[in-house]
Amino acid sequence: MSNPVAPAEHLGDEDYPNRAYAWYVVGVLLLVYILAYVDRQVLGVLVEPIKRDLAISDTQMSLLLGFAFAMFYTIVGLPMGRLADRSNRRNLVLVGLGVWSFATAMCGFARSYTQLFLARMGVGLGEACLNPAVVPMLSDYFPRRTLGKAMGVYMLGVSIGGGLAHSVGGAYLPTLTAAEPVMLPVVGAILPWQALLLMLGVTGFLMLALLLTVREPKRHGQVRRDEKGRIVNLPVREVGAHLMRHRMAYLAIGWPLVASALMTFGVGYWVPAFFQRSFGLGTAEAGSYLATYGVVSMIVGAIGVVGGGFLVDALGARFLDGHLRTLMIGILLLAPGYAIFAIMPTPALAIAVLVPAGIGGGILQATGVTTLMAVVPTQMRSQIAALYFFIVNLIGAALGPTFIALLTDELFGDESMLRFSITIVAAAVGLSAIVALLAGRHAYRAMLSGKAE
């Protein structure tokens with residue numbers, strides 16, 4: 001039988017780990033997150049050579065980009081959240097990094113669509129351990145008033161990782177799309193795109209040593225323990241009842257982030273193919289524009305993430321619903337940019353329109369998890385964070401790329417019409433996010449003020 005402890009009193013900075021070490025931990029976890037996003041996004045750069053070598057359609061490719069990755073990522077994320085609520089979260093990240101690095105390397109050895117699909121599922125399985133453990137762990141490294149900045153820096157991994165995948169992939173696009181194999185020591189003859197995936201997997205194993213320098217922090221807030229002092233999980237029904245009681249508030253937080261994921265993953269995975277299909281460019285020229293886009297997205301994404309971290313802390317201190325106001329700013333920048341860039345007449349204009357979209361996406365990445373952690377009870381943090389990533393990735397990562405591919409393959413029946421598929425999806429989900437924010441704003445304010453029933 002478990003016994004609740006009394007709620008923790010207000011915690012001063014002295015109750016948290018040393019500030020310098022806490023920021024060191026953020027830096028290490030940022031590097032891990034960058035690698036995770038490179039491993040996740042790089043397949044988008046490799047769409048054309050993979051389609052050629054495995055003889056598959058856009059829809060089949062979209063399943064590799066989204067569904068194969070998100071299948072285990074979403075399913076395993078929920079039990080990982082429960083495990084993280086009562087176990088060593090650093091060790092959970094360590095295991096996850098090892099699993100997804102091995103799976104990424106196996107992607108490099110894949111010789112068929114089925115083999116690549118299964119290896120891609122392994123990448124999702126490993127990455128499912130990351131955020132359900134890291135997000136609540138950072139909440140125990142930093143007090144709420146500075147958590148937004150720390151979370152913003154960690155979330156730089158999204159823009160930097162995605163930007164690196166596009167910029168490096170674009171710069172070497174002619175090499176990566178070549179049909180002639182290259183020779184690697186020990187491995188032997190392997191196609192260029194397979195060699196890239198193999199090298200990324202090896203990089204992950206090298207990063208395991210760095211992660212060992214991170215310590216598990218003491219948990220803050222109200223924590224339920226058993227008679228031996230061990231942390232216990234709250235029953236799933238208790239977590240579910242909490243979510244249902246505050247469903248409009250969680251809708252206001254969650255759906256804009258789902259919409260962001262639909263655009264980031266759904267649209268983002270197809271950006272490399274967009275540049276190759278939409279302007280009649282050769283491989284080298286398309287690669288040059290893609291590399292430019294990668295660099296631009298890293299810069300503006302970093303501006304959005306870091307700025308979003310400071311913005312959410314500032315607006316959160318001034319307004320009761322400051323977190324939601326920050327989400328709204330992000331959506332109003334992201335959605336129009338993603339909806340319009342694909343119908344621009346030149347690649348340079350398309351990149352220019354993606355600048356505000358990148359800033360908005362960065363704001364949402366920095367703000368979303370902080371907004372969630374501001375209202376989630378301490379002992380539900382990992383479970384609700386896991387559920388959040390489950391929904392975001394199920395709809396955003398698993399279905400986003402396929403929505404666009406199905407429009408291209410089934411509605412238009414023409415690969416060159418990819419740009420219009422992108423515009424339709426981005427416009428529809430952006431509008432739905434604004435509606436959700438407005439509908440749940442009152443419930444979120446009531447939850448923060450303690451007036452929610």
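We did not get these values from a lab; they are worked out from the coordinates using the rules stated. Remember, it's a predicted structure, so these values are computed and weren't measured experimentally. With ideal geometry, Cβ positions are generated from the backbone for all residues, glycine too; neighbour counts draw on all protein chains shown.
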Burial ordering of Thr346, Thr264, fewest other beta-carbon atoms within 10 Å first: Thr346, Thr264
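What is the packing order of peptides 179-187, 76-84, 63-71, taking the mean over residues of other C-beta atoms within 10 Å and listing the highest first?
Details: 179-187: 9.9, 76-84: 22.2, 63-71: 25.6.
For the peptides 179-187, 76-84, 63-71, the packing ranking is 63-71, 76-84, 179-187.
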Label point at Gln115 placed 7 Å out along Cα→Cβ; residues across region 175-215 whose backbone nitrogen lies under 18 Å: 179-202
Peptides 40-52, 156-168 ordered by average Cβ neighbours within 10 Å, highest first: 156-168, 40-52
Calculated from backbone phi, Karplus (6.51, -1.76, 1.60) coupling profile of region 422-434 in Hz, x at Gly/Pro: 4, 4, 4, 5, 5, 5, 5, 6, x, 5, 5, 5, 5
Inter-label distance for Leu212 and Thr59, nm, one decimal - labels placed 7 Å from Cα along Cα-to-Cβ: 4.9
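Among Asp39, Asp409, what is the fewest-to-most ranking by other Cβ atoms within 10 Å? Write out the running numbers ahead of the final one.
Numbers: Asp39 26, Asp409 20.
Result, fewest neighbours first: Asp409, Asp39.
Want the number for Val28 to Thr346: 0.36 nm per residue separation, take away the alpha-carbon distance, what's left? Before the final figure, lay out the partial values.
Values: separation 318, 0.36 × 318 = 114.48 nm, distance 3.90 nm.
So the extension gain works out to 110.6 nm.
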Gain upon complete extension [Ala427, Arg247; 0.36 nm per residue less C-alpha separation]: 62.3 nm
Calculated Rg/Rh (Cα atoms, Kirkwood Rh) (choose from [x] 0.95; [y] 0.97; [z] 1.17), label: [y]
Arg19-Ile299 pseudo-label distance in nm [points 7 Å out on the Cα-to-Cβ vector]: 3.1
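Counting other C-beta atoms within 10 Å, which of His242, His442 has the fewest, and how do the rest follow? Intermediate results must be reported in sequence, preceding the final value.
Working: His242 17, His442 14.
If I rank by nearby Cβ atoms, fewest first, I get His442, His242.
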Estimated vicinal HN-Hα couplings, Hz - region 110-121 in sequence order (Karplus 6.51, -1.76, 1.60; Gly, Pro = x): 5, 10, 8, 4, 4, 4, 5, 4, 5, 5, 5, 4
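Suppose a student asked you for the relative contact order of region 325-403, using Cα pairs under 8 Å spaced at least 6 residues apart; what percent would you report? Intermediate values should be presented prior to the final figure.
On the way: 53 pairs, mean separation 23.3, N = 79.
Over region 325-403, the number comes to 29 percent.
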Distant-in-sequence amide H partners of Leu184 (H built 1.01 Å from N, under 5 Å): Ala189, Ile190
Mean ellipticity per residue at 222 nm, deg cm²/dmol - from DSSP H runs of n ≥ 4 across the chain, formula -39500 (n - 2.57): -23500 deg cm²/dmol
Test item: Cα-centred dipole of the chain, Lys/Arg +1 and Asp/Glu -1 on Cβ, debye: 1220
